[in-house]
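**Student:** One structure, as structure tokens, below. Some questions next.
The values are calculated or read from the model by the stated rules, or taken from the named source; none is laboratory data. Because the structure is predicted, anything quoted here is derived from the model rather than measured. Note that we place each Cβ from the backbone using ideal geometry, even for glycine, and neighbour counts take in every protein chain shown. Please note that ligands, DNA and RNA were not included when accessible areas were found on the heavy atoms of the full protein model with its side chains. Shrake-Rupley method; radii C 1.70, N 1.55, O 1.52, S 1.80 Å.
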Amino acid sequence: MKKFLLCALTAFTFCSVKAQEVKNTIKINPLSALLRTGSVFYERKVDDGMSVQLGVAYTGIKLDDTKFTGLAVTPEVRFYLKKHAPAGLYAAPFLRYQNYTVSDDADEGKYTSFGGGAVMGYQWVFGSGFALDLFFGPSYNNGNYKASSGSDEPEIKGGIEGFGLRTGVTIGFGF
């Protein structure tokens with residue numbers, strides 16, 4: 001009987017925790033590792049139809065002969081169309097700040113940019129707290145390069161400068 005009561009109490013406690021409303025999610029983009037980038041996102045529910053998210057990424061990517069090493073910060077506001085934040089279909093304008101050391105065989109310098117865009121996405125938050133988020137949309141970044149060695153500017157491309165596509169899959173946990 002004691003074992004049954006202990007199991008029932010544990011199950012009740014576990015179910016109560018699962019039933020609580022999710023107000024925060026912490027996520028990572030596992031696909032970004034393929035591009036030698038690590039990114040983490042924190043999302044906070046503001047009300048039923050809106051949340052705010054902050055993403056931070058560190059990269060060491062090499063595009064052709066140009067290597068980028070540094071940090072990007074991406075704040076966004078998510079508007080959930082069915083007012084069930086942080087789950088469901090959303091539209092989200094975002095800003096992006098990037099600060100990279102850029103180098104190729106002959107030149108090195110600092111590249112700083114500011115940009116933004118908008119994404120559409122869908123986020124699932126399951127009863128266990130597991131979160132899955134898929135998103136895509138256009139972006140634009142414009143920046144300045146300041147040489148520290150060499151005389152030419154390395155080629156800056158690949159969605160880091162100019163028009164690009166922001167897309168991703170994130171997984172994480174809601175609480």
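**Student:** Can you compute the modelled spin-label distance between Lys83 and Tyr97, with each label point 7 Å from Cα toward Cβ, in nm?
**Tutor:** 3.5 nm
**Student:** Now for a separate question. Report the per residue volume, in Å³, of the convex hull enclosing the C-alpha atoms of segment 19-160.
**Tutor:** About 92 Å³ per residue, rounded to a whole number.
**Student:** Can I ask one more? So how far apart, in nm, are the two label points at Tyr140 and Asp65 if each is 7 Å from Cα heading toward Cβ?
**Tutor:** Roughly 3.1 nm, to one decimal.
**Student:** About its Cα centre, what dipole magnitude does segment 57-99 give when the only charges are +1 on Lys and Arg Cβ and -1 on Asp and Glu Cβ, stated in debye to the nearest 20?
**Tutor:** It works out to roughly 260 debye.
**Student:** Listed here are the pairs Lys45/Lys110; Lys62/Lys146; Lys27/Lys83; Lys23/Lys82; Lys67/Lys146; which of them are more than 26 Å apart at the Cα?
**Tutor:** Beyond 26 Å: Lys45/Lys110.
**Student:** If I ignore ligands, DNA and RNA and count only protein heavy atoms, how much of Leu81 is accessible to a 1.4 Å probe, in Å² to the nearest 10?
**Tutor:** That residue has around 100 Å² of solvent-accessible surface.
**Student:** Average projected area of the Cα convex hull of segment 38-93, in nm²?
**Tutor:** 4.4 nm²
**Student:** Calculate, in nm to one decimal, what Phe114 and Leu35 gain on full extension: separation in residues at 0.36 nm each, minus their alpha carbon distance.
**Tutor:** Extra length from Phe114 to Leu35 when fully extended: 26.4 nm.
**Student:** While we're here: How much accessible area per residue does segment 70-175 have, counting only protein heavy atoms and a probe of 1.4 Å, in square angstrom?
**Tutor:** The answer is 52 Å² per residue.
**Student:** Find the Cα radius of gyration of segment 68-133, compare it with 2.2 N^0.38 Å by division, and give the number to two decimals.
**Tutor:** 1.58
**Student:** Once you compute Rg and the Kirkwood Rh from C-alpha atoms, what is the Rg to Rh ratio for segment 96-142?
**Tutor:** 1.25
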